[in-house]
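I have placed the structure first, in the form of C-alpha coordinates, so that the comments after it can refer back to it.
The values are calculated or read from the model by the stated rules, or taken from the named source; none is laboratory data. Computed from a predicted model, the values in this text were never measured in an experiment. Every residue, glycine among them, receives a Cβ derived from its backbone with ideal geometry; neighbour counts consider all protein chains shown.
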(Lines give C-alpha, C1' and ligand atoms only; values in the text may rest on other atoms or scores of the structure.)
Protein backbone atom coordinates (compact mmCIF):
# COMPACT_ATOMS: atom_id res chain seq x y z
CA UNK A 1 0.00 0.00 0.00
CA UNK A 2 1.15 3.60 -0.48
CA UNK A 3 3.13 4.70 2.58
CA UNK A 4 3.51 8.45 2.13
CA UNK A 5 -0.08 9.67 2.01
CA UNK A 6 1.10 13.27 2.45
CA UNK A 7 2.85 13.31 -0.95
CA UNK A 8 1.09 15.37 -3.64
CA UNK A 9 -1.06 13.38 -6.06
CA UNK A 10 0.14 13.20 -9.67
CA UNK A 11 -2.59 14.50 -12.04
CA UNK A 12 -3.07 12.46 -15.20
CA UNK A 13 -5.63 12.25 -18.00
CA UNK A 14 -5.94 8.66 -19.24
CA UNK A 15 -7.20 7.35 -22.56
CA UNK A 16 -9.30 4.27 -21.81
CA UNK A 17 -9.77 3.03 -25.37
CA UNK A 18 -7.46 0.06 -24.74
CA UNK A 19 -8.21 -0.42 -21.04
CA UNK A 20 -10.00 -3.24 -19.24
CA UNK A 21 -11.70 -1.91 -16.11
CA UNK A 22 -13.23 -3.60 -13.08
CA UNK A 23 -15.97 -2.13 -10.87
CA UNK A 24 -16.84 -4.10 -7.75
CA UNK A 25 -20.12 -3.04 -6.15
CA UNK A 26 -23.05 -1.44 -7.94
CA UNK A 27 -24.62 0.62 -5.19
CA UNK A 28 -24.83 4.40 -5.49
CA UNK A 29 -21.04 4.84 -5.35
CA UNK A 30 -20.30 2.02 -7.79
CA UNK A 31 -22.85 3.37 -10.23
CA UNK A 32 -21.10 6.75 -10.18
CA UNK A 33 -17.76 5.07 -10.84
CA UNK A 34 -19.18 3.02 -13.71
CA UNK A 35 -21.00 5.98 -15.25
CA UNK A 36 -17.81 8.06 -15.15
CA UNK A 37 -15.90 5.28 -16.88
CA UNK A 38 -18.48 4.87 -19.64
CA UNK A 39 -18.21 8.55 -20.59
CA UNK A 40 -14.58 7.82 -21.55
CA UNK A 41 -15.39 4.71 -23.64
CA UNK A 42 -13.19 1.99 -22.11
CA UNK A 43 -12.47 -1.15 -24.10
CA UNK A 44 -14.32 -3.28 -21.54
CA UNK A 45 -15.72 -3.16 -18.02
CA UNK A 46 -16.38 -6.13 -15.75
CA UNK A 47 -18.97 -5.20 -13.11
CA UNK A 48 -19.33 -7.41 -10.03
CA UNK A 49 -21.94 -7.45 -7.28
CA UNK A 50 -23.52 -10.03 -4.99
CA UNK A 51 -27.08 -9.34 -6.16
CA UNK A 52 -28.78 -11.00 -9.15
CA UNK A 53 -28.86 -8.58 -12.04
CA UNK A 54 -32.66 -8.26 -11.88
CA UNK A 55 -32.40 -7.22 -8.22
CA UNK A 56 -29.94 -4.37 -8.88
CA UNK A 57 -31.17 -0.74 -8.77
CA UNK A 58 -32.66 0.51 -12.07
CA UNK A 59 -29.75 2.90 -12.56
CA UNK A 60 -27.26 0.04 -12.34
CA UNK A 61 -29.22 -2.12 -14.77
CA UNK A 62 -29.28 0.67 -17.35
CA UNK A 63 -25.50 1.05 -17.10
CA UNK A 64 -25.05 -2.71 -17.56
CA UNK A 65 -26.87 -2.44 -20.89
CA UNK A 66 -23.84 -0.71 -22.42
CA UNK A 67 -22.14 -3.04 -24.94
CA UNK A 68 -18.70 -2.84 -23.33
CA UNK A 69 -20.00 -3.90 -19.87
CA UNK A 70 -20.16 -7.50 -18.65
CA UNK A 71 -21.84 -8.39 -15.34
CA UNK A 72 -21.15 -11.26 -12.93
CA UNK A 73 -22.80 -12.04 -9.60
CA UNK A 74 -19.87 -13.06 -7.39
CA UNK A 75 -17.02 -11.68 -5.27
CA UNK A 76 -13.91 -10.18 -6.81
CA UNK A 77 -11.08 -12.66 -7.39
CA UNK A 78 -7.39 -12.24 -8.12
CA UNK A 79 -7.94 -13.31 -11.73
CA UNK A 80 -10.35 -10.38 -12.16
CA UNK A 81 -7.73 -7.97 -10.86
CA UNK A 82 -4.96 -9.45 -12.98
CA UNK A 83 -7.07 -8.99 -16.12
CA UNK A 84 -7.73 -5.31 -15.39
CA UNK A 85 -5.91 -2.03 -15.88
CA UNK A 86 -8.06 -0.07 -13.44
CA UNK A 87 -10.01 -1.42 -10.47
CA UNK A 88 -12.73 0.35 -8.46
CA UNK A 89 -13.47 -1.16 -5.05
CA UNK A 90 -16.91 0.30 -4.35
CA UNK A 91 -18.78 -2.30 -2.33
CA UNK A 92 -20.79 -1.29 0.72
CA UNK A 93 -18.41 -3.24 2.96
CA UNK A 94 -15.24 -1.53 4.12
CA UNK A 95 -13.35 -4.77 4.79
CA UNK A 96 -14.21 -6.11 1.35
CA UNK A 97 -12.92 -2.92 -0.27
CA UNK A 98 -9.68 -3.28 1.69
CA UNK A 99 -9.37 -6.90 0.54
CA UNK A 100 -9.77 -5.83 -3.11
CA UNK A 101 -7.24 -3.02 -2.63
CA UNK A 102 -4.78 -5.54 -1.18
CA UNK A 103 -5.23 -7.81 -4.21
CA UNK A 104 -4.52 -4.84 -6.48
CA UNK A 105 -1.43 -3.93 -4.47
CA UNK A 106 -0.14 -7.48 -4.79
CA UNK A 107 -0.85 -7.52 -8.54
CA UNK A 108 0.47 -3.97 -9.06
CA UNK A 109 -2.81 -2.85 -10.58
CA UNK A 110 -4.18 0.65 -10.10
CA UNK A 111 -7.01 0.69 -7.55
CA UNK A 112 -9.52 3.27 -6.38
CA UNK A 113 -10.86 2.30 -2.96
CA UNK A 114 -14.11 4.12 -2.23
CA UNK A 115 -14.27 3.66 1.55
CA UNK A 116 -10.52 4.08 2.21
CA UNK A 117 -8.96 6.24 -0.52
CA UNK A 118 -5.39 5.84 0.73
CA UNK A 119 -5.67 2.06 0.67
CA UNK A 120 -5.69 2.35 -3.12
CA UNK A 121 -3.25 4.24 -5.26
CA UNK A 122 -5.45 6.68 -7.14
CA UNK A 123 -8.34 8.96 -6.28
CA UNK A 124 -10.92 10.32 -8.69
CA UNK A 125 -11.09 14.09 -9.05
CA UNK A 126 -14.28 16.02 -9.55
CA UNK A 127 -14.42 16.71 -13.30
CA UNK A 128 -16.07 19.66 -15.02
CA UNK A 129 -16.73 19.03 -18.73
CA UNK A 130 -17.80 21.30 -21.52
CA UNK A 131 -17.57 19.81 -25.00
CA UNK A 132 -14.06 18.41 -25.36
CA UNK A 133 -12.73 20.40 -22.41
CA UNK A 134 -12.23 18.80 -19.03
CA UNK A 135 -10.97 20.35 -15.80
CA UNK A 136 -10.17 17.97 -12.95
CA UNK A 137 -10.28 19.20 -9.35
CA UNK A 138 -9.17 17.40 -6.20
CA UNK A 139 -9.15 18.49 -2.58
CA UNK A 140 -6.90 15.54 -1.73
CA UNK A 141 -9.81 13.81 -0.02
CA UNK A 142 -10.37 16.71 2.39
CA UNK A 143 -13.84 17.61 1.11
CA UNK A 144 -15.63 15.86 -1.78
CA UNK A 145 -18.58 18.19 -1.11
CA UNK A 146 -16.45 21.25 -1.84
CA UNK A 147 -15.01 19.58 -4.93
CA UNK A 148 -18.56 19.01 -6.24
CA UNK A 149 -19.52 22.63 -5.53
CA UNK A 150 -16.47 23.99 -7.32
CA UNK A 151 -17.03 21.59 -10.21
CA UNK A 152 -20.34 23.33 -10.91
CA UNK A 153 -18.62 26.72 -10.72
CA UNK A 154 -15.97 25.49 -13.16
CA UNK A 155 -18.67 24.30 -15.59
CA UNK A 156 -20.05 27.86 -15.65
CA UNK A 157 -16.52 29.17 -16.23
CA UNK A 158 -15.87 26.72 -19.07
CA UNK A 159 -19.12 27.28 -20.96
CA UNK A 160 -18.18 30.54 -22.76
CA UNK A 161 -14.74 29.11 -23.60
CA UNK A 162 -15.99 25.98 -25.35
CA UNK A 163 -16.28 27.69 -28.74
CA UNK A 164 -12.66 28.83 -28.52
CA UNK A 165 -11.55 25.26 -27.91
CA UNK A 166 -13.65 24.07 -30.85
CA UNK A 167 -12.04 26.68 -33.10
CA UNK A 168 -8.52 25.70 -32.03
CA UNK A 169 -9.32 22.01 -32.43
CA UNK A 170 -10.23 22.66 -36.07
CA UNK A 171 -7.44 25.12 -36.77
CA UNK A 172 -4.47 23.29 -35.28
CA UNK A 173 -4.36 20.36 -37.76
CA UNK A 174 -4.74 22.79 -40.67
CA UNK A 175 -1.79 24.85 -39.46
CA UNK A 176 0.39 21.79 -38.81
CA UNK A 177 -0.43 20.40 -42.26
CA UNK A 178 1.28 23.44 -43.77
CA UNK A 179 4.58 22.11 -42.32
CA UNK A 180 5.93 25.48 -41.26
CA UNK A 181 8.75 25.76 -38.73
CA UNK A 182 7.80 24.76 -35.19
CA UNK A 183 8.72 28.21 -33.92
CA UNK A 184 6.46 29.87 -36.47
CA UNK A 185 3.53 27.62 -35.51
CA UNK A 186 4.14 28.24 -31.81
CA UNK A 187 4.11 31.98 -32.37
CA UNK A 188 0.81 31.77 -34.28
CA UNK A 189 -0.88 29.56 -31.67
CA UNK A 190 0.21 31.86 -28.84
CA UNK A 191 -1.02 34.90 -30.75
CA UNK A 192 -4.42 33.27 -31.21
CA UNK A 193 -4.59 32.23 -27.54
CA UNK A 194 -3.88 35.83 -26.46
CA UNK A 195 -6.28 37.36 -28.99
CA UNK A 196 -9.79 38.77 -28.36
CA UNK A 197 -11.29 35.79 -30.24
CA UNK A 198 -12.50 34.10 -27.07
CA UNK A 199 -14.67 37.06 -26.07
CA UNK A 200 -16.01 37.56 -29.58
CA UNK A 201 -16.94 33.90 -29.87
CA UNK A 202 -18.67 33.97 -26.48
CA UNK A 203 -20.73 36.99 -27.58
CA UNK A 204 -21.36 35.48 -31.03
CA UNK A 205 -19.57 38.33 -32.82
CA UNK A 206 -18.62 36.27 -35.86
CA UNK A 207 -17.70 39.23 -38.05
CA UNK A 208 -15.03 40.43 -35.62
CA UNK A 209 -13.68 36.87 -35.48
CA UNK A 210 -13.64 36.63 -39.24
CA UNK A 211 -11.79 39.93 -39.68
CA UNK A 212 -9.17 39.02 -37.07
CA UNK A 213 -8.54 35.61 -38.60
CA UNK A 214 -8.22 37.13 -42.10
CA UNK A 215 -5.64 39.55 -40.75
CA UNK A 216 -3.53 36.97 -38.87
CA UNK A 217 -3.90 33.54 -40.47
CA UNK A 218 -1.68 32.47 -43.37
CA UNK A 219 -3.35 33.12 -46.71
CA UNK A 220 -3.90 29.40 -47.58
CA UNK A 221 -6.11 29.05 -44.50
CA UNK A 222 -8.53 31.80 -45.48
CA UNK A 223 -10.54 29.32 -47.51
CA UNK A 224 -11.31 27.44 -44.27
CA UNK A 225 -12.86 30.36 -42.34
CA UNK A 226 -16.43 29.15 -42.78
CA UNK A 227 -15.71 25.71 -41.33
CA UNK A 228 -13.56 27.18 -38.55
CA UNK A 229 -16.39 29.42 -37.37
CA UNK A 230 -19.27 27.01 -38.00
CA UNK A 231 -20.96 26.45 -34.65
CA UNK A 232 -23.28 23.73 -35.92
CA UNK A 233 -20.84 21.04 -37.09
Fill in the blank from the handout: The condition from (1) under 30 Å from residue 102 (Cβ atoms); (2) in a loop (DSSP other than H, G, I, E, B); (3) touching a residue at least 12 places away in the same chain (Cβ under 8 Å) that residue 195 misses is numbered (1)
Exercise for the section: Would you mind stating whether residue 201 is in the same structural domain as residue 217 (by TED's automatic domain parsing) and either surrounded by 12 or more Cβ atoms within 10 Å (Cβ to Cβ) or farther than 20 Å from residue 132 by Cα (or both)? Expected result: yes
Exercise for the section: Please tell me if residue 166 is under 21 Å from the mean Cα position of the chain (by Cα), crowded, with 16+ Cβ neighbours inside 10 Å and outside the structural domain of residue 93 (by TED's automatic domain parsing). Expected result: yes
Problem - Listing of helices (runs of 4 or more DSSP H) fully contained in the stretch 87-181 that carry 1 or more residues being at pLDDT below 95 and in contact with a helix residue (DSSP H, G or I) (Cβ under 8 Å, 6 or more places away or on another chain) - result: 162-177
Handout entry: Every pair of residues 6+ apart whose Cβ atoms lie under 9 Å, when the first sits in the stretch 39-67 and is on the phi > 0 side of the Ramachandran plot and in the same structural domain as residue 97 (by TED's automatic domain parsing) while the second is surrounded by 14 or more Cβ atoms within 10 Å (Cβ to Cβ) and outside any strand (DSSP E or B)
Key = 41/16; 41/68
Exercise for the section: Among what's in the stretch 181-192 and is surrounded by 13 or more Cβ atoms within 10 Å (Cβ to Cβ) and free of Cβ contacts under 8 Å to residues at least 24 places away in the same chain, pick the residue that is nearest to residue 212 (Cα to Cα). Expected result: 189
Fill in the blank from the handout: Of the residues in the stretch 70-84, those that are closer than 12 Å to residue 100 by Cα and part of a loop (DSSP other than H, G, I, E, B) come to 75, 76, 77
Exercise for the section: Scan the stretch 24-52 for residues that are farther than 16 Å from residue 117 by Cβ, in contact with a helix residue (DSSP H, G or I) (Cβ under 8 Å, 6 or more places away or on another chain) and part of a strand (DSSP E or B) and jot them down. Expected result: 45, 46, 47, 48, 49
Problem - Any hit, the stretch 84-102, residues being under 23 Å from residue 200 (Cα atoms) and surrounded by 16 or more Cβ atoms within 10 Å (Cβ to Cβ) - result: no
